[in-house]
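Everything below concerns the one structure shown next.
The values are calculated or read from the model by the stated rules, or taken from the named source; none is laboratory data. If you're wondering where the values come from, they're calculated on a predicted model, not measured in any experiment. In this analysis, Cβ positions are derived from the backbone assuming ideal geometry, glycine residues included, and neighbour counts consider all displayed protein chains. What goes into the accessible areas is simple: the full protein's heavy atoms, side chains included, and nothing from ligands, DNA or RNA. Shrake-Rupley method; radii C 1.70, N 1.55, O 1.52, S 1.80 Å.
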Amino acid sequence: VKELRRLGDEVEVKAVVLRIDSPGGSALASDAMWHAVRRVAKRKPVIVSIGDLCASGGYYVASAGTKILANDESVVGSIGVVGGKIVGEELKQRLGVHSERIARGKRAGWTSSLSAFSDDERAAVTGLLESTYALFLDRIAEGRNLPKERILPLAEGRIMSGKRAREGQLVDERGGLVEALAMARSMGK
């Protein structure tokens, strides 16, 4: 984010190439990057070059660019959100490990691996995942300048080739880093 701010403010920089090769990650970090890319793209072209993989949070960030390039064999998409936790309570008992959980508050132990979600915790986590997914869809629709209904058949965690992503308008053109640099030179004049 800091580097994108610097590049956005730098007068000598006429275009930015953002190379993404990522399976994704934190929704919060992806949203911060999405905003940073979007801010720069309002001032100068941001050409996104997809490497071998641009999925989930990686694609979230890519969607904010001016143009997205990917090779046909790149893996693109995974517009979706997953969440949960691993519960090791049974394993812990089999191993003879004893532990105590001290929690204060209604949902204080929701991340604990010592017990499964309560119904209330499950509902809260489900609500959080659904709102994060709705925001993800909004960001993709805004970044790609497409109606959300157009994004839905490509979402729900689906992954696809760069070629299929181009057909679905998640990618603008075929190409790699060399083509992205040429496009940045052209668009940045």
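Below, the figures for the structure above:
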| quantity | calculated |
| --- | --- |
| Net charge dipole size for the stretch 75-181 [Lys, Arg +1 and Asp, Glu -1 on Cβ; Debye, nearest 20] | 180 |
| Accessible solvent surface per residue of the chain, calculated while the other protein chains remain in place, 1.4 angstrom probe, Å² | 58 |
| Cut-off 15 Å between beta-carbons: net charge of the residues surrounding Gly24, Lys and Arg +1, Asp and Glu -1 | -2 |
| Charge dipole of the stretch 19-65 about the Cα centre (unit charges at C-beta), most positive-ward option of Ser22, Val40, Tyr59 | Val40 |
| Residue-averaged 222 nm ellipticity for the chain, from DSSP H runs of 4+ at -39500 (n - 2.57), nearest 500 | -13500 deg cm²/dmol |
| Proximal charge balance of Tyr60 [Cβ under 10 Å; K/R count +1, D/E count -1] | 0 |
| Modelled FRET efficiency - R0 35 Å, Lys85 with Arg164, Cβ distances, 0.05 increments | 0.60 |
| The chain: DSSP helices with Cα axial extent of at least 24 Å and average Kyte-Doolittle hydropathy no lower than -1.0 | 119-144 |
| Of Lys106/Lys148; Lys14/Lys67; Lys148/Lys189; Lys2/Lys148; Lys163/Lys189, pairs whose Cα-Cα distance is over 24 Å | Lys106/Lys148; Lys148/Lys189; Lys2/Lys148; Lys163/Lys189 |
| Separation of the Glu73 and Leu177 label points, Cα + 7 Å toward Cβ, nm | 1.7 |
| Prolate/oblate/rounded call for the stretch 1-119, Cα gyration tensor, a/c under 1.5 rounded | prolate |
| Value of relative contact order over the chain, rounded to a whole percent, pairs C-alpha under 8 Å and six or more apart | 29 |
| The chain, dipole about Cα centre (Lys/Arg Cβ +1, Asp/Glu Cβ -1), debye to the nearest 20 | 560 |
| Sites Arg19 and Glu142, calculated FRET efficiency, Cβ-Cβ separation with R0 25 Å, nearest 0.05 | 0.65 |
| Cα-centre dipole for the stretch 37-95 with unit charges at Cβ (Lys and Arg positive, Asp and Glu negative), debye to 20 | 560 |
| Two-site label geometry, Arg185 and Glu12: point separation in nm, points 7 Å out along Cα→Cβ | 1.8 |
